[in-house]
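Written out below as structure tokens is the structure these notes cover.
Each reported figure results from applying straightforward, stated rules to the coordinates on display, with no laboratory input. This one's a predicted model, so the numbers in the text were calculated from it and none came from an experiment. Cβ: placed from backbone, ideal geometry, glycine included. Neighbour counts: every protein chain shown.
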Amino acid sequence: MTIREQHVPSIPLTADDPTAEQSIGGLVRDATAHVSTLVRAEVELAKGEIKAEVKKGLQGSVYFIAALAIVCFSLFFLFMSLAFIPYSFGWPLWTGFAIVTFLMLVSAGLLGFLGYRRFRKIRAPQRTIESAKDTMAALRHRGDDN
């Protein structure tokens, strides 16, 4: 279902009877109903737009995943080529593979260590937690007054 096919409530632009005088309470009630309808319509519009953009993003990410898979498979050939370089200079074949394996393990260890250091820096969102606690406390105290 597209955005255009969805039924979104609308706000009447003119009163049903323009000659009728309404009380303040009636005007407030109408204004509240119109604001509520407007908010609901905005939420529906945002949901529709977000769905469309997420769909585009998912479709685009398929190409990135395919490219990543090709890169991963081609790394095997790169490492094999690097391992044969010392052999072309007269070294035993096993030394090239040992050197490439050692460099790969050192690189993996270094990247793992850097990732570990980054993860250690992750903290809980303290400001958000405090704000949520303050909001809950204010709502609880407001409910006690009634």
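Please identify the chymotrypsin sites (Phe, Trp or Tyr not before Pro) of region 39-90 that satisfy two criteria: DSSP loop assignment and at most 10 other Cβ atoms within 10 Å. Which are they?
F89
Sorting R123, R117, R29 on the 10 Å Cβ count, fewest up front, what's the list?
R123, R117, R29
Please work out the Kirkwood hydrodynamic radius for region 77-146, using every pair of different C-alpha atoms, and report it in angstroms with one decimal place.
It is 17.0 Å.
Decide, for region 25-131, between rounded, prolate and oblate: order the square roots of the alpha carbon gyration tensor eigenvalues as a ≥ b ≥ c, take rounded if a/c falls under 1.5, and otherwise choose prolate if a/b is larger than b/c, else oblate.
oblate
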